[in-house]
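Q: Dropping a structure here in structure tokens format, bear with me for questions.
Please treat every number below as a calculation from the coordinates, not as lab data. The shown structure was predicted, so the numbers you read here are calculated from the model rather than taken from an experiment. Neighbour counts run over all protein chains shown; Cβ positions are idealised from the backbone, glycine included.
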Amino acid sequence: MNNMADVVCIPYEDLVSACLPDGSNNINNLIEKAFGSISSTSLGIVAITNVPKLPSLRLKLLPIAQKLGTLPADQLEEVTVPEAEYQVGWSHGREKLEGDKPDFSKGSFYANPLTENLTECMLERRYQQSKKCNKNNDIMEELLEWDESFQSIKTDEELRALAQSNPAFFAPNVWPSRSMPELESAFIDVGKLVHEVGTMVAKCCDSYVSTNCPGYEPKLEKILRHSKCCKARLLHYFATENESNNDSAEIETDDTEFSNWCGWHNDHGSLTGLLPALYLNSDGEIVDCPDSKAGLYIKNRSGKLVHAKIPENAIAFQVGETMQIHTGGLLQATPHAVRGCKGGKVSRETFAIFMEPEYHSSMNLPVGRTLEDTQCVEAEKWLPSNVRTLRSRWKLGMNFGEFSDATFAAFH
């Protein structure tokens, strides 16, 4: 069984047009088809095609993932940050996505492409904005709409203390400058491009939700545009040891058959940007994937398992649970996993960027939407057995930092 499906595609030019002030090119129907909770075939993913500069930047960054993943252990140790819960720098075998079994199938490098030091960035912003706000109360009102730390943290010392107690959120970037100096610029260039396009996708999501929820105040684009809490992840999936690739004889009996490169999970942030994977042989040469069943799998709203096909010239975007909450369930995250490549000793390289609010951002529902709308019991029954339900990690009144802490505790 291999239910291959093309994801919903939107040309970059149409996305740009849809974001113009006149709103003449409305793409709400495509947003609903890709992300909407009312569509039984929705995969929670959309592909933005023909993005300028993407092909060259992708080919510059992704091969570095394999080089990074095969560095000597002592060099990787230099960029491993256990005190940040392995959410900065190199991480391998620290996640637990299939029960309590550590995930050794991939290695990851984490960094924030928008700022080198989130704490210092927030402190500087508070200083600059306070000077402006003393002269203009309207600026303070606008700032409070998206930076809720101003309401709960009164002093710089409080912010520094929070950062020290939450290093997974606030720890500064580390880079393998000695062993792989080319990584930093390539990583940041791709991260900023994906973030820019993702912000436009969020604007179109605001348009769709506003049409379907009269009590909704657009916030998705504002959050992503202003938040500096952004985590990008360069991934190297190690070649699998299983050499068998007998498509005709193989029969899948459960969800775990599809998750040997990355276990089943929902993304917990607002919006995840994802580059199409690149497959490399042991010599670092780009090759076609030798296994037609390898790649990204998603469960749609009706529980059907789908092998998602992302165009090579596109950036894919997946809804996260935070956007699900902020839209009262009108847009919903879908469980997804990555199946390994059998045969050919081929590795998989890709890049994901998790766009999300800052720590103090509220997780309130839109007016008119209920807890039941947001975390539908019907949708929960299709979750793979190891995916924790949203209701088990999120409660009304939480801020984003508290929700993230609960999620990290569930999976690490």
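Q: Give me the one-decimal nm value for the distance between modelled label points at residue 370 and residue 17, 7 Å along each residue's Cα-to-Cβ direction.
A: Label at residue 370, label at residue 17, 4.1 nm between them.
Q: So I have (i) 19.8; (ii) 22.1; (iii) 24.2, and one of them is mean projected area of the Cα convex hull in nm² calculated from this model. Which one is it?
A: (i)
Q: Give me the distance in nm between label points sitting 7 Å out from Cα along the Cα-to-Cβ direction at residue 281 and residue 185, one decimal.
A: Distance between label points: 3.1 nm.
Q: Please work out the FRET efficiency for the pair residue 38 and residue 389, using the Cβ-Cβ distance as r and a Förster radius of 22 Å; give the result to the nearest 0.05.
A: The calculated FRET efficiency here is 0.60.
Q: Using 0.36 nm times the number of residues separating residue 177 and residue 210, minus their current alpha carbon distance, what extension gain do you get?
A: My answer for the length gained is 7.3 nm.
Q: Let me ask something else about it. Give me D for region 8-128 in µm² s⁻¹, whole number, from Stokes-Einstein with Rh from the Kirkwood sum over alpha-carbon pairs, 10 °C and 1.306 mPa s. If you can, show how the numbers build up before the last one.
A: On the way: Rh = 18.7 Å.
For the chosen part, D equals 85 µm²/s.
Q: If you don't mind, another one. Starting from the Cα-Cα distance between residue 160 and residue 196, subtract it from 0.36 nm times their residue separation and give me the gain in nm to one decimal. Intermediate values should be presented prior to the final figure.
A: Values: separation 36, 0.36 × 36 = 12.96 nm, distance 2.85 nm.
Gain on stretching residue 160 to residue 196: 10.1 nm.
Q: Looking at the chain as a GNM with Cα springs under 10 Å, which of 357, 214, 21 has the largest mean-square fluctuation?
A: 21
Q: Relative to the present Cα-Cα distance, how much length would full extension add between residue 56 and residue 29 at 0.36 nm per residue of separation?
A: Numbers: separation 27, 0.36 × 27 = 9.72 nm, distance 3.11 nm.
Extending this stretch completely gives an extra 6.6 nm.
Q: Still on this structure: With θ taken as phi - 60° and the coefficients 6.51, -1.76 and 1.60, list the Karplus ³J(HN,Hα) couplings across region 168-173 in order, rounded to whole Hz; mark glycine and proline as x.
A: Taking θ as phi minus 60°, the curve returns 4, 7, 10, 4, x, 5 Hz for region 168-173.
Q: Given a cut-off of 22 Å, name the pairs among 33/299; 60/101; 219/395 whose C-alpha atoms lie farther apart than that in the structure shown.
A: Values: 33/299 15 Å; 60/101 33 Å; 219/395 20 Å.
Table pairs above 22 Å Cα-Cα are 60/101.
Q: Going by Cα centres, region 33-55 and region 276-327 are how many Å apart?
A: 11 Å
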